[in-house]
Amino acid sequence: MKMIPYGRQYIDEEDIAAVVETLKSDWLTSGPKVDEFEAEIAKYVGAKYAIAVNSGTSALDIAIASLDLPSGSEIITTPFTFAASANCALYNNCKPVFADIDTKTYNIDIEQIKKKITKKTKAIVYVDYAGHPCPINELNELAQKHDLYLIEDAAHAFGAEYYGKKVGAFADITEFSFHPVKHITTGEGGALTTNDERLANKLRILRTHGIDKSARERFQNASFAYDMKYLGRNYRITDIQCALGLSQMKKIETFLSRRRQIVRKYHDAFEDMENISLQSEEKYAKNAYHLFTIRVKNRDKVFAELRKRNIGVNVHYIPTYKFSYYQQFKISQINYPNTEKVYSEILSLPMYYGLTDEELDYVIINVNEVVK
Ligand SMILES: *Cc1c(COP(=O)(O)O)cnc(C)c1O
């Protein structure tokens, strides 16, 4: 069996044709494909506005920038995530403050957030781990009470649902990623969705240098005038990428249902095994399953043995406070017992649309053997 990765893209001839067609068009960047892709994203997640950018990390950066927080503001997030969820605070001269997770969903724990709120707290960046939505009603209540912004890092949760409604318009701003391991891909890419017109306009401007007119508007208007309103970035996404994204969007339901089919097979195989525990799916949630994780004792041994058998298992995630860059903040792991516990046992199994039944069976047989 050749190496089976934990995640990968699915690209078909239609995707390739869409990209080629755009390469031959007038606009390679900031053109009509960007508008079309944004409209498609907004419609799909049920938000009024979508702003597409060149990565999920860029999206998080300008999400925080758009809030205009005083320097030194505290932003609460989970340590059990990709580094970008906390880095976006640092980019904007804010301080990331970590709250421990709950051991069933591995999402940030509301009770732990409450303990971390101070006068300086201005926002919560919550992550829908693996694609399992956070308890948004409770988060909203907390945000209202303490006057906090909510940013949803939904990089794992494209297509996920909370009480039957898609993730994308619950928080003030929601961020998605279109990296190749995510549900749909644009190579690199991301998007922000919101129902707030003021924030949407500001995010659009922050994406392109803080300048209030795009090159296309300046090209199409009679005037050369434009203004730079904020210290923006160049986080524009190309039309080439958005053409790919639009073509991928046609397959989103197929992508998601194959992921859930894989989950059912994994569940059937592992749910009664004594040595394996699984992430729970709460009754309010429909998990989009960017990741499928199991928890095992002797994780490092199981990891090494499965890698030897060409199964590209992975660990999501090394808690952010463990990284050497984060040592300057002197965060003690003693305060994060649940994160430490889950981290020591977690293992991601292969989970992507193109995983064949044969590969899936191979993974299940080998996990069974190794874990026993
Ligand atoms: C993928 C991901 C991001 C964004 O990643 P990019 O590679 O910059 O698109 C942000 N947060 C989490 C939790 C992610 O998994």
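Derivation of every value follows stated rules applied to the coordinates shown; laboratory data play no part. None of these values were measured; they are calculated from a predicted model. Quick reminder, even Gly has a Cβ in these numbers, built from the backbone with ideal geometry, and neighbours come from all protein chains shown.
Just a few scattered comments:
- Single match in Ile51, Ile41, Ile62 (criterion: surrounded by 23 or more Cβ atoms within 10 Å (Cβ to Cβ), of a type outside the set (Asp, Glu), more than 10 Å from Cys242 (Cα to Cα) and out of contact with any Lys or Arg (no Cβ under 7 Å at 6 or more places or on another chain)): Ile41
- Filtering the stretch 6-35 to residues that are outside any helix (DSSP H, G or I), more than 23 Å from the chain's Cα centre (by Cα) and either of a type in the set (Lys, Arg) or more than 13 Å from Gln241 (Cβ to Cβ) (or both) leaves Asp12, Lys24, Ser25, Asp26.
- The residues of the stretch 144-159 that are part of a loop (DSSP other than H, G, I, E, B), in contact (Cβ under 8 Å) with a residue 40 or more places away in the chain and under 11 Å from the mean Cα position of the chain (by Cα), listed by number, are Ala155, His156, Ala157, Phe158.
- Cβ separations smaller than 7 Å between residues 6+ apart or across chains give the following pairs from the stretch 273-300 residues that are touching a residue at least 24 places away in the same chain (Cβ under 8 Å) and part of a loop (DSSP other than H, G, I, E, B) to residues that are surrounded by fewer than 17 Cβ atoms within 10 Å (Cβ to Cβ) and among the hydroxyl-bearing types (Ser, Thr, Tyr): Tyr284/Tyr163.
- Every condition in (1) part of a helix (DSSP H, G or I); (2) within 17 Å of Gly159 (Cβ to Cβ); (3) in contact with a Phe, Trp or Tyr (Cβ under 9 Å, 6 or more places away or on another chain) is met by Gln261 except one, and the failing one is (3).
- Taking the criterion of being of a type in the set (Ser, Thr, Tyr) and either in a loop (DSSP other than H, G, I, E, B) or touching a Pro at 6+ places or on another chain (Cβ under 8 Å) (or both), the residues of the stretch 177-209 that qualify are Thr185, Thr186.
- Per-region count, the stretch 66-89, residues crowded, with 23+ Cβ neighbours inside 10 Å and touching a helix residue (DSSP H, G or I) at 6+ places or on another chain (Cβ under 6 Å): 9
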